[in-house]
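The values are calculated or read from the model by the stated rules, or taken from the named source; none is laboratory data. Here the structure is a predicted model, which means the values were calculated and not measured. Counting neighbours? That spans all protein chains shown, and the Cβs are built from the backbone with ideal geometry, glycine included. Side chains included, ligands, DNA and RNA excluded: accessible areas come from the protein's heavy atoms. Shrake-Rupley method; radii C 1.70, N 1.55, O 1.52, S 1.80 Å.
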Amino acid sequence: MSLLTKRVGRLDSSGIRKVFDLARTMKDPINLSIGQPDFDVPQAIKDAAVSAMDSGKNSYTPTNGLVELREQLIADEKSFTGRDYPLEQMLITSGVSGGLFLSMLALVEEGDEVIIPDPYFVMYKHLVNLNGATPVYLDTYEDGFGINPDRLESLISDRTKLLLLNSPSNPTGRILNRKELEQIAAICEKHNVLIVTDEIYRSFSYTEMVSIAEIYENCLVLGGHSKAFGMTGWRLGYACGPAAIIDAMATVQQYSFVCAPSVAQTAALACPDVDMSGHINDYRVKRDLMYNALSDHFELGSADGAFYLFVKAPEGWTGDTFVEEAIKNNVLIIPGSVFSERDSHFRLCYTVPNDKLLQGAEKLCKLAQQKS
Ligand code: PMP
């Protein structure tokens with residue numbers, strides 16, 4: 001009998017592990033691989049965390065999370081999407097990762113299919129596989145990383161359980177516009193398909209950002225504080241949507257995570273008082289800087305949000321071979337194959353100081369010129 005389960009055997013971390021193995025050999029790299037903001041948690045939120053600890057708010061919270069925080073997030077959702085969730089339809093999770101984990105555990109199993117637009121955030125396919133379901137990839141390369149409604153409809157079968165959306169997207173930075181969302185909603189409505197929408201980058205939008213939840217009711221929204229407030233290590237997020245799903249996720253949370261970190265929950269009550277717009281503007285500037293520095297030598301996607309560029313490797317390279325060469329030249333980027341069934345692109349994250357960005361861009365452009 002084998003020690004480890006077949007379930008865990010279905011997970012494959014070789015792609016990203018290879019990159020980080022290579023990265024270990026680098027000295028003081030220009031690191032464009034990190035998928036998180038470079039700003040620290042705002043002082044007011046840190047102060048709120050310290051005060052939460054000092055005043056003894058250190059115990060378990062209710063499974064679903066602190067009522068005040070859920071009320072606050074319900075108000076945020078109402079102002080952003082127009083949906084007014086009752087308290088029982090809002091669950092505080094341990095990051096969006098926690099929300100994804102609970103939702104997949106509650107929603108998918110052997111025999112189910114989950115439609116995942118490709119490129120995708122790495123965790124999606126692994127969580128679907130972990131639960132014995134089958135990822136069905138919706139290729140978006142020919143559609144500017146948007147969603148082609150005909151292509152989407154052609155993938156829906158009687159086994160389709162849900163569509164997993166991510167806008168703004170990691171790794172492409174693409175935001176799905178209102179027209180695209182309306183087309184997606186119409187198809188999902190026609191076939192009665194649930195949408196799980198990961199909106200962790202909602203606040204990093206450099207163009208209009210609409211939530212599919214505004215348009216489509218049969219939707220589970222996942223959001224979080226990690227990126228918006230530089231709190232990646234604090235493990236805080238939320239899920240809101242249909243009562244039966246939130247209820248099932250809360251039951252699983254009860255026997256797994258128990259609750260999201262209590263100090264982080266109390267501290268997050270201070271989030272609405274903090275103005276993050278300066279950081280968002282900084283990232284818009286970085287996006288433009290990097291976009292302009294690369295656009296003569298590379299084919300780039302539209303980069304409407306988040307803090308990534310998804311870049312086509314130049315003629316003659318695959319994503320993997322280009323990244324290997326970039327790493328030899330001390331620039332750390334991630335091959336697109338980590339996020340995709342294709343191997344033609346690479347992802348870079350522009351949350352680094354501008355001088356580093358420009359140094360990185362210069363090296364990447366030089367490499368592109370070498371081959372051509
Ligand atoms: N979804 C996406 C698209 C992400 O990029 C990330 C983090 N890289 C997550 C979810 C997980 O975030 P959290 O820290 O909230 O678990």
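The sole residue among ASN329, ASN354 that is open to solvent by 40 Å² or more (accessible area, probe 1.4 Å), touching a Lys or Arg at 6+ places or on another chain (Cβ under 8 Å) and closer than 22 Å to ASP40 by Cβ is ASN354. None of VAL128, VAL108, VAL67 is away from the ligand (no atom under 16 Å from the Cβ), without any contact (Cβ under 8 Å) to a residue 60 or more places away in the chain, among the β-branched types (Val, Ile, Thr) and buried (at least 19 other Cβ atoms within 10 Å of the Cβ) except VAL108. If only residues of segment 111-125 that are aliphatic (A, V, I, L, M) and open to solvent by 30 Å² or more (accessible area, probe 1.4 Å) are counted, the one that is nearest to the ligand (Cβ to nearest atom) is MET123. When segment 203-239 is filtered for residues that are within 15 Å of the ligand (Cβ to nearest atom) and assigned to a strand (DSSP E or B), the ones remaining, listed by number, are SER205, LEU220, VAL221, LEU222, GLY223, GLY224, GLY237, TYR238, ALA239. No other residue among LEU294, LEU309, LEU300 is over 15 Å from PHE20 (Cα atoms), open to solvent by 20 Å² or more (accessible area, probe 1.4 Å) and touching a Leu at 6+ places or on another chain (Cβ under 7 Å) apart from LEU300. Of everything in segment 70-105 that is surrounded by 23 or more Cβ atoms within 10 Å (Cβ to Cβ) and β-branched (Val, Ile, Thr), the residue that is nearest to the chain's Cα centre (by Cα) is VAL96. In this structure, is VAL323 within 16 Å of the ligand (Cβ to nearest atom), open to solvent by less than 40 Å² (accessible area, probe 1.4 Å) and closer than 24 Å to ASP12 by Cα? No: the conditions fail for VAL323.
Given the structure, is LEU102 of a type in the set (A, V, I, L, M, F, W, C), closer than 23 Å to ALA260 by Cα, within 16 Å of the ligand (Cβ to nearest atom) and assigned by TED's automatic domain parsing to the domain that holds SER205? Give the steps one after another, and end with the answer.
Details: of a type in the set (A, V, I, L, M, F, W, C): yes; closer than 23 Å to ALA260 by Cα: yes; within 16 Å of the ligand (Cβ to nearest atom): yes; assigned by TED's automatic domain parsing to the domain that holds SER205: yes.
When the stated conditions are applied, LEU102 passes them.
For segment 193-202, the set of residues classified as assigned to a strand (DSSP E or B) and either touching a helix residue (DSSP H, G or I) at 6+ places or on another chain (Cβ under 7 Å) or of a type in the set (Ser, Thr, Tyr) (or both) consists of ILE195, VAL196, THR197, ASP198, listed by residue number.
The criterion of at least 3 residues that are touching a Ser or Thr at 6+ places or on another chain (Cβ under 7 Å) is met, among helices (runs of 4 or more DSSP H) falling completely within segment 56-156, by 95-107.
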